[in-house]
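Enquirer: Before we start, here is the structure in question, set down as structure tokens.
Values quoted throughout were computed directly from the atomic coordinates according to the rules given, and no laboratory measurement underlies them. These figures come from a predicted structure and were not determined experimentally. Glycine gets a Cβ as well: all are built from the backbone with ideal geometry, and neighbour counts include every protein chain shown.
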Amino acid sequence: MAGTNQVGPEAGALDLGVVFRALADEHRRSVMKELAADLSDSERGCNSFDLPISKQTQTHHFRVLREAGLIDEIDYGNRKGIRLRRAGVEKRFPGLLALLEAESRGGTAPHRAG
């Protein structure tokens, strides 16, 4: 069954303040860290994330990430899938996903020579 793709703003319209507000929440940042670490960028089920919150609250968090332009949601009627918008995020905010990956490993992002 094909799903309906619910997309956020185009890559060029991503707003840094909106993205930072979306990432300020620990649960949303946790989702983004997992997605950033998975270089296959495969679609994930919303319930595949180990979030200690209700399904209703998860739905809210995924909507915030979608509206910020960080993920796409695919609606299958009785379930939803999500996919990282890696190309768009990297185009607009180079290095942001690397920072999230580094945080998930407990380290810091590589330093650039300046």
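Enquirer: So which trypsin sites (Lys or Arg not before Pro) in region 16-114 pass both tests, a DSSP loop state and at most 15 other Cβ atoms within 10 Å of the Cβ?
Expert: Details: sites: Arg21, Arg28, Arg29, Lys33, Arg44, Lys55, Arg63, Arg66, Arg79, Lys80, Arg83, Arg85, Arg86, Lys91, Arg92, Arg105, Arg112; in loops: Arg79, Arg85, Arg105, Arg112.
Listed in order of number, the matching sites are Arg79, Arg105, Arg112.
Enquirer: Another question, then. What is the chain's relative contact order, in percent, from Cα pairs under 8 angstrom and six or more apart in sequence?
Expert: Values: 144 pairs, mean separation 42.4, N = 114.
Relative contact order, the chain: 37 percent.
Enquirer: How long are the three semi-axes of the equivalent ellipsoid for region 4-104, computed from the Cα gyration tensor as the root of 5 times each eigenvalue, in whole Å, largest first?
Expert: The three semi-axes for region 4-104 are 19, 15, 13 Å.
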